[in-house]
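The structure under discussion appears below in the form of structure tokens.
The values are calculated or read from the model by the stated rules, or taken from the named source; none is laboratory data. Keep in mind it's a predicted model, so treat the numbers as computed, not measured. Cβ coordinates were reconstructed from backbone atoms using ideal geometry, including for glycine residues, and neighbour counts include every protein chain displayed.
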Amino acid sequence: MDPFAQNVFRVLVVLNTTVVCATVGTFWRINQSQDFRRKMHKVFPYMLEAYYIFQEAGGYYGIREKDEMEWLSRKE
């Protein structure tokens, strides 16, 4: 491999690793904090919808309903 190709490969590996780490970190925060889910609901509703779909596909039901009940009871 020539040096240019090696550098491009290294950059792609670093970018890919960064994206995977950011994705896992965001998923972890969404999964752990109902307040963060509320913030995501306001700012990025499509990401929260993807989270709910992913959880329901994994057999974890009721998270969406719990969040909606909690958010409705707060009435900010």
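Residues in segment 60-74 that are under 11 Å from Gln34 (Cβ atoms) and either among the basic types (Lys, Arg) or touching a residue at least 24 places away in the same chain (Cβ under 8 Å) (or both): Lys66, Asp67, Glu70, Trp71, Arg74. Selection within segment 1-42: residues that are more than 28 Å from Met69 (Cβ to Cβ) and of a type in the set (Gly, Ala, Ser). The member of this set that is modelled with the lowest pLDDT is Ala5.
Which numbered condition in (1) part of a helix (DSSP H, G or I); (2) of a type outside the set (Ser, Thr, Tyr); (3) surrounded by fewer than 11 Cβ atoms within 10 Å (Cβ to Cβ) is the only one that Met1 fails? Looking at each condition in turn, Met1 falls short on (1). Taking segment 4-60 as the range and being loosely packed, with under 11 Cβ neighbours inside 10 Å and of a type in the set (Phe, Trp, Tyr) as the test, the residues that pass are Phe4, Tyr46.
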